[in-house]
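Okay, structure first, notes after.
The values are calculated or read from the model by the stated rules, or taken from the named source; none is laboratory data. Values in this document were obtained by computation on a predicted structure and should not be read as measured data. Glycine gets a Cβ as well: all are built from the backbone with ideal geometry, and neighbour counts include every protein chain shown.
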Amino acid sequence: MKLPALRLPTWREAGHEARLLLIGIPVLIWTLVPIYHMFVFAISPKEDAFSGKLWPTHPTLHNFEIVFYQQHYFLRDFWVQLGNSTVIAASVGALTLFIATAAAFAISRLRVPGGRMVLNLALFTYFIPAAFLAVPMYRTMGNYGLLNTSWALILAMVTIASPYAIWVLKQASDKLPVELDEAAVMDGATSLQIFRLVYVPLMMPSLVAIGTYAVLLAWNEYLYAFLLLSNDRDITLPVALGNFLAADDSPWELLMTTGFIYALPPAAIYYAFRRYMVGGLTAGAVKS
Amino acid sequence: MAITLAAPDSAVPGAPLPARLSTPQVWGIVMIVPYLLVFLAFVVYPVGYGFWLARQPSNYVALFHDPIFARAAVNTLIFLVVGINLKMLIALFLSGFFVQSRSWIKWLSVIFILPWAVPSIPTILSVRFMLNPEWGMVNQLIFKFTGDDGPNWLNDPTVALSMAIGVHIWKSLPFWTLILMTGRLAISQDLFEAAEVDGASWWQKFRYITWPSMLPLYLTCTLLSMIWTLGDFNSVYLLTGGGPADLTHVLSTLGIRYLRLDQLNLAMASIVCAMPLVLPLVYFMMKRLSR
């Protein structure tokens, strides 16, 4: 019986492998350094954090304790601000889903008159950089009397999230066969029944992707939050993080700890829904 | 109520509308009205109001006499030209790396997406402290290995702007790499096998197969990235705050700076000045996407 020979890699293969590593290792370092730095700060006592060590001599969870018990001037409203972030992100997700699903259904399935134009207007809004819309939006919210309320940020984020949501959902619903709707109409289903019983269940993967997109967009938003909200008990976590910089002797280890806590939910959500996100979002993002 | 609101949208004005429209179409109008309301209240009204605020020519005279504006315009161009080309070239290169089938590369690609998945505020602030001249990790390492004091990174406008570009690339590179990867994976494998048989080199395969197939996608990505980079407020604002001495502002942070100084007219005027660059890009993107 002949044993399968153990084949050593040829020089060429080994060289190829080495080249891949030569790319992979810098990429890994480049990606992780800012995040690792944040993590090291979060587990360092103040003296270690400011000494530029690559790993603290006495790693500790004390910083997390200070944050959770709100034992610092900058952190006295931590839980309220975390709550604000959560409520606002969830509301933006729900409202965007509602508005965008209805609009995409109307444009794609019901062929509403003027639907094409609405879609183009939405697409136009999507392409205008949000930072440019921020200035007039700030004034508008002032005119509506919404400044310094959660509604200002929720409505602003829904405005920014829904164009892309409508566009992606419209693309996805165009792929559903027309025969489905026709069959349902034959059976005497009304438009609302088709929406509820046929459309929404079939669109579930895209809806999950869009809901996640809107929630993450709102949770991560800094510029609009910092323009539209200002009272310490109204602001969201990112604005609170920005406010740390106001002092000359900012407690950077606490800033990094809070930042680390704030960055965990979106990362977790992203990885949990990665399957939907990668398929749903990249497909829609650039149609080649 | 909703039907009367949407009536001007319909093709037959004046006619008794509900009679002309089928029931599904009435439902369609009802379902599209929420978005139209959002659009009117939070896009049309603010934009119209903003242009109205920026209508006076004196605003633009004042703007062009502000040295910070000129500097911001130049910075924006540098940010766009250097940042986008560097980012897209690296993304193109890395997309070729990440399509290799190795299990460790699969794992690396999962980690690689982190900058895009985590919010920018804590990570940018982390970089900001890393570059702190006295206590930052970078300068402490430089001191440890060379015995010299490192540069004062964020105090030199050129270095500070380069760092902001670096942060921008760090944040958005994963997304574009992912997009370009889907482009690479869409190329038929037969082409490469045929090229292999013909003895084509690595460069020839890239030059004659990969690049021509990816060119339209690459251009679309570059333009889209240009629009988004124009609106990148966080990378500059959170890293340098526009400093030192307001020398690293870009147009998106400049608008906010004027707003904070209560010069709303100038804020709007500076944004209007970006429109000749934004609108053609938007027009082109819309043409591409609504084909």
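Residues are listed down the side, and each one gets a yes or a no for (1) of a type in the set (F, W, Y); (2) over 21 Å from B:H249 (Cβ atoms); (3) surrounded by 17 or more Cβ atoms within 10 Å (Cβ to Cβ); (4) touching a helix residue (DSSP H, G or I) at 6+ places or on another chain (Cβ under 7 Å):
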| site | (1), (2), (3), (4) |
| --- | --- |
| B:P133 | no, yes, no, yes |
| B:F143 | yes, yes, no, no |
| B:G147 | no, yes, no, no |
| B:V159 | no, no, no, yes |
| B:K171 | no, no, yes, yes |
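There is at least one residue in the range B:189-203 that is within 31 Å of the chain's Cα centre (by Cα), modelled with pLDDT of 85 or more and surrounded by fewer than 16 Cβ atoms within 10 Å (Cβ to Cβ).
The rows are residues; the columns are (1) under 21 Å from B:T253 (Cβ atoms); (2) under 23 Å from the mean Cα position of the chain (by Cα).
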{"residue": "B:H65", "(1), (2)": "yes, no"}
{"residue": "B:L94", "(1), (2)": "no, yes"}
{"residue": "B:W107", "(1), (2)": "no, no"}
{"residue": "B:F112", "(1), (2)": "no, yes"}
{"residue": "B:R128", "(1), (2)": "yes, yes"}
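Would you say B:L219 is under 28 Å from B:M275 (Cβ atoms) and part of a helix (DSSP H, G or I)? So B:L219 passes the test.
Taken over the range B:259-291, the criterion of being more than 29 Å from A:I166 (Cα to Cα), facing chain A (nearest Cβ under 8 Å) and either touching a residue at least 12 places away in the same chain (Cβ under 8 Å) or in a loop (DSSP other than H, G, I, E, B) (or both) is satisfied by B:L264, B:A267.
Would you confirm, using the coordinates I've provided, whether A:T140 is modelled with pLDDT of 90 or more, in contact with a Gly (Cβ under 9 Å, 6 or more places away or on another chain), over 26 Å from A:M204 (Cβ atoms) and not hydrophobic (A, V, I, L, M, F, W, C)? For A:T140, the condition - modelled with pLDDT of 90 or more, in contact with a Gly (Cβ under 9 Å, 6 or more places away or on another chain), over 26 Å from A:M204 (Cβ atoms) and not hydrophobic (A, V, I, L, M, F, W, C) - is met.
Take the conditions (1) within 9 Å of chain B (Cβ to nearest Cβ); (2) surrounded by 22 or more Cβ atoms within 10 Å (Cβ to Cβ); A:G93 misses just one of them, which is (1).
Candidates are the residues of the range B:106-116 that are free of Cβ contacts under 8 Å to residues at least 24 places away in the same chain and facing chain A (nearest Cβ under 7 Å); the one that is surrounded by the fewest Cβ atoms within 10 Å (Cβ to Cβ) is B:I111. The number of residues in the range B:192-202 being in a helix (DSSP H, G or I) and not aromatic (F, W, Y) comes to 5. Take the residues of the range A:182-200 that are of a type outside the set (A, V, I, L, M, F, W, C) and in contact with a Pro (Cβ under 9 Å, 6 or more places away or on another chain): which is surrounded by the most Cβ atoms within 10 Å (Cβ to Cβ)? For the range A:182-200, the residue satisfying everything is A:S191. Considering (1) of a type in the set (S, T, Y); (2) facing chain A (nearest Cβ under 9 Å); (3) farther than 30 Å from A:I261 by Cα, the lone condition that B:S120 does not fulfil carries the number (3).
Applying the criterion of at least 2 residues that are small (G, A, S) and under 25 Å from the mean Cα position of the chain (by Cα) to the helices (runs of 4 or more DSSP H) found wholly in the range A:52-129 leaves A:78-108.
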